[in-house]
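A short write-up of the structure that comes next.
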Amino acid sequence: MPLQPFIYHPASDSADAVHALRARTAIALGGGTDLLGAMKESLVHPETLVDLRRLPGARDIALHDDGSARIGCAARLADLAADAGIATRYPALAQAAAAVGTPQLRTMGTIGGNLAQRPRCWYFRGGLPCFKNGGTDCLAEKGENHYHALFTGGTCHAVHPSDPLVALTALEATVELTGTSGVRTLTLSALFDGASQRATGETTLAAGEFISAVLLPATAAGGEQYYEKLMQRGAWDFATVSLAAHRRADGAVRIALGGVSLTPYRVTSSIEEDVATGGLDDDSIDALAERAMYDAKPLEHNGYKVWQAQALLRRAMRRLDPR
Ligand SMILES: Cc1cc2nc3c(=O)[nH]c(=O)nc-3n(C[C@H](O)[C@H](O)[C@H](O)COP(=O)(O)OP(=O)(O)OC[C@H]3O[C@@H](n4cnc5c(N)ncnc54)[C@H](O)[C@@H]3O)c2cc1C
């Protein structure tokens with residue numbers, strides 16, 4: 001389909017961006033790698049695209065002395081993958097950014113747009129009348145659901161397609177939002193709260209609000225951390241299942257799974273505590289991996305994801321063992 005006409009509004013500062021985004025027909029623009037496709041597919045019909053890339057500091061990656069960091073919303077995925085400071089302090093994030101799609105996508109794509117990108121479900125993207133397209137049901141639930149969710153708190157069974165989001169969840173990042181009432185900070189789970197029940201978007205962003213930065217706490221730096229992604233082919237694909245793991249410098253463990261839900265999926269804290277204690281033998285590791293996926297509800301064609309997740313979890317438990 002041809003791209004519909006739109007007004008291009010390069011926001012000069014945050015106030016300008018908020019003012020422009022308050023219009024019902026306006027939408028935020030990062031690299032446009034997802035948005036322009038969604039417009040061509042007629043999934044969204046914005047009249048104005050508010051480009052956030054020229055906001056002061058929007059491209060900046062600021063590493064602070066205490067180990068924390070502030071990443072501007074328009075920082076490019078390629079820059080996150082290549083930044084020596086990110087690679088040293090937060091290798092899981094650098095690896096996840098490097099795992100995104102293709103070099104072209106990483107060069108254009110921004111971290112804000114990556115987090116707010118829409119699901120890749122083929123019913124949704126195909127414009128079929130699924131829940132996210134204004135229908136009442138999820139067409140994947142009883143249809144072609146090979147790549148869909150194992151955990152869903154609502155009607156939609158799509159998964160969130162982002163690699164960086166999984167790493168950021170394990171690193172306990174938060175997002176800075178800028179809107180009509182000023183600046184606020186949200187956890188990632190609060191940003192995506194109720195994503196599978198919300199029809200028109202996945203985030204809890206209010207009208208006029210945008211993600212202005214991603215914030216990494218000091219505890220995210222260092223320790224043992226990595227990101228691992230399983231795909232149907234060797235490269236240039238979305239994850240079937242992925243995992244980010246972090247043994248923090250203080251010994252606490254955080255593990256997040258991607259490709260299994262439309263919200264960041266953190267493994268339950270009791271499992272993370274057992275991994276932090278360490279000394280797990282093979283039987284305990286098997287039992288914990290099974291327990292982590294106990295609440296999974298596979299659909300007809302995606303049961304393989306349970307096995308993939310358990311395999312990644314077993315590897316993570318061995319790798320994070322403090323002994
Ligand atoms: C072929 C293909 C393969 C891909 N493979 C992967 C992959 O393997 N892993 C992966 O993680 N991603 C993958 N992607 C997604 C790609 O990384 C995203 O398209 C990209 O990250 C989105 O970034 P962008 O800056 O271009 O966002 P845009 O396209 O500009 O925006 C995407 C959405 O986010 C909103 N938005 C943008 N910026 C903000 C902001 N600051 N605040 C609030 N909302 C905002 C827009 O309104 C829009 O709804 C793939 C995409 C394609 C097309």
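The values are calculated or read from the model by the stated rules, or taken from the named source; none is laboratory data. Here the structure is a predicted model, which means the values were calculated and not measured. Cβ atoms come from the backbone with ideal geometry, glycine included; neighbour counts cover every protein chain shown. Accessible surface is based on the protein model in full, side chains and every heavy atom, while ligands, DNA and RNA are left aside. Shrake-Rupley method; radii C 1.70, N 1.55, O 1.52, S 1.80 Å.
For the stretch 7-22, a residue qualifies if it is of a type in the set (A, V, I, L, M) and surrounded by 16 or more Cβ atoms within 10 Å (Cβ to Cβ), and the qualifying residues are Ala11, Ala17, Val18, Ala20, Leu21.
Which pairs turn up if I take residues in the stretch 8-20 that are of a type in the set (Asp, Glu) and look for partners that are modelled with pLDDT of 95 or more and exposed (fewer than 15 other Cβ atoms within 10 Å of the Cβ) with beta carbon separation below 8 Å, at least 6 apart in sequence or on another chain? Matching pairs, first to second residue: Asp13/Pro56. Restricting the stretch 249-276 to residues that are in contact with an Asp or Glu (Cβ under 9 Å, 6 or more places away or on another chain) and under 21 Å from Val175 (Cβ atoms) leaves a set whose member that is most open to solvent (accessible area, probe 1.4 Å) is Arg266.
Of all the residues in the stretch 90-113, those that are within 8 Å of the ligand (Cβ to nearest atom), surrounded by fewer than 22 Cβ atoms within 10 Å (Cβ to Cβ) and not in a loop (DSSP other than H, G, I, E, B) number 2. Restricting attention to the stretch 204-237, the residues being more than 11 Å from the ligand (Cβ to nearest atom), closer than 19 Å to Gly112 by Cα and part of a strand (DSSP E or B) number 2. Entry remark, the stretch 114-160: residues being within 30 Å of Leu93 (Cβ to Cβ), open to solvent by 40 Å² or more (accessible area, probe 1.4 Å), among the small types (Gly, Ala, Ser) and touching a helix residue (DSSP H, G or I) at 6+ places or on another chain (Cβ under 8 Å) number 1 in total. Considering the stretch 16-32, the residues that are in a strand (DSSP E or B) and over 22 Å from Pro103 (Cα atoms) include one that is farthest from the ligand (Cβ to nearest atom), namely Ala26.
For the stretch 202-216, what are the residues that are open to solvent by less than 20 Å² (accessible area, probe 1.4 Å) and either modelled with pLDDT under 95 or farther than 18 Å from Tyr147 by Cβ (or both)?
Going residue by residue through the stretch 202-216, those that are open to solvent by less than 20 Å² (accessible area, probe 1.4 Å) are 202, 208, 210-214, 216.
Passing the criteria: Gly208, Phe210, Ile211, Ser212, Ala213, Val214, Leu216.
If you go through the stretch 35-70 and keep only what is touching a Gly at 6+ places or on another chain (Cβ under 8 Å), part of a loop (DSSP other than H, G, I, E, B) and buried (at least 19 other Cβ atoms within 10 Å of the Cβ), you end up with Leu52, Arg53, Leu55, Ala58.
For beta carbons closer than 7 Å, sequence separation of 6+ or different chains, a first residue in the stretch 260-283 that is under 14 Å from Ala244 (Cβ atoms) and among the charged types (D, E, K, R) and a second that is open to solvent by less than 30 Å² (accessible area, probe 1.4 Å) and assigned to a helix (DSSP H, G or I), the qualifying pairs are Arg266/Thr169. Of the residues making up the stretch 33-89, those that are within 9 Å of the ligand (Cβ to nearest atom), under 11 Å from Thr110 (Cα atoms) and over 18 Å from the mean Cα position of the chain (by Cα) are Leu52, Arg53, Ala58. The number of residues in the stretch 217-240 that are over 25 Å from Ala276 (Cβ atoms) and either open to solvent by 50 Å² or more (accessible area, probe 1.4 Å) or in contact with a helix residue (DSSP H, G or I) (Cβ under 7 Å, 6 or more places away or on another chain) (or both) comes to 8.
For first residues located in the stretch 82-102 and closer than 19 Å to Arg59 by Cα, partners that are among the charged types (D, E, K, R) and buried (at least 23 other Cβ atoms within 10 Å of the Cβ) and lie 6+ apart or on another chain with Cβ distances below 6 Å form the pairs Ala96/Asp163; Val100/Asp163.
Mind telling me which of the residues Val175, Val166 ends up being in contact with a Ser or Thr (Cβ under 6 Å, 6 or more places away or on another chain) and open to solvent by less than 30 Å² (accessible area, probe 1.4 Å)? Give the steps one after another, and end with the answer.
Values: Val175 fails: in contact with a Ser or Thr (Cβ under 6 Å, 6 or more places away or on another chain).
On inspection, the qualifying residue turns out to be Val166.
Report whether or not Gly279 is at pLDDT below 95 and open to solvent by 10 Å² or more (accessible area, probe 1.4 Å). In short, yes.
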